[in-house]
Amino acid sequence: MIGRLTAVAGLVLGAPSVLAAQAVWQADVRIQSIDATFPARGMLAIRIVVANDHDEARNVRLSILLPVGAGPARLAPGCRPSPSPVPNLTARIACELGDLPVRGLREVTAMVPVAPSSPGRRVAAFVESDTPDPFPSNNYAERAIP
């Protein structure tokens, strides 16, 4: 079966040498793409596609790290801005994507106001799930803002 590893475990020393095979549930959730464009002056459009290449991923969560100076956002369903101690600024967007089937994709979009001269003109994303991930290095991506 795609996405399942077989774990072999031996018994303690001195016990009979019986080996047991056990299937391990895993899901390789990853950031497939991240795009950031300015469709209108001062408005940054962010589009992120999350993919899953193995078993069903349970309780998938996406964090979008916004550029410095981003304001309150228009968000996709299931997403909310992080609490901020500074009024009218948002540093991160948290999205609850639910379960993601094998070879499933989920697209998330957001529109955030950003000053054209703001420093740190990058956007990043991190995805994770409650299912063990055999390749966590592809859970993060970032993009320079043009």
Next item on the list: Per residue of segment 32-43, in order, report the coupling 6.51 cos²θ - 1.76 cosθ + 1.60 (Karplus, θ = phi - 60°) as ³J(HN,Hα) in whole Hz, putting x for Gly and Pro.
Entry: 7, 7, 9, 10, 9, 9, 10, x, 9, 4, x, 10
Check: Does segment 36-146 come out rounded, prolate or oblate by the C-alpha gyration tensor, with a ≥ b ≥ c the root eigenvalues, rounded set by a/c under 1.5 and, if not, prolate when a/b is larger than b/c and oblate if not?
Finding: prolate
Check: Could you give the length gained on full extension between Asn59 and Glu107, defined as 0.36 nm per residue of separation minus the Cα-Cα distance, in nm?
Finding: 15.7 nm
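Roughly speaking, what is the stretch gain from Ala40 to Glu128, that is 0.36 nm per residue apart minus the C-alpha to C-alpha distance, in nm to one decimal?
Numbers: separation 88, 0.36 × 88 = 31.68 nm, distance 3.12 nm.
Gain on stretching Ala40 to Glu128: 28.6 nm.
Neighbouring Cβ atoms within 10 Å as the yardstick, rank Thr109, Thr90 fewest first. Working shown, then result.
Details: Thr109 13, Thr90 22.
So the ranking, lowest neighbour count to highest, is Thr109, Thr90.
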Note to self: Give me the percent relative contact order of segment 28-144, please, defined on Cα pairs under 8 angstrom at least 6 residues apart.
What the structure shows: 38 percent
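No value in this document is a laboratory result; all are computed from the given coordinates. Bear in mind that the values here come from a model prediction, so they are computed numbers and not experimental data. Backbone-built Cβ (ideal geometry, glycine too); neighbour counts: all protein chains shown.
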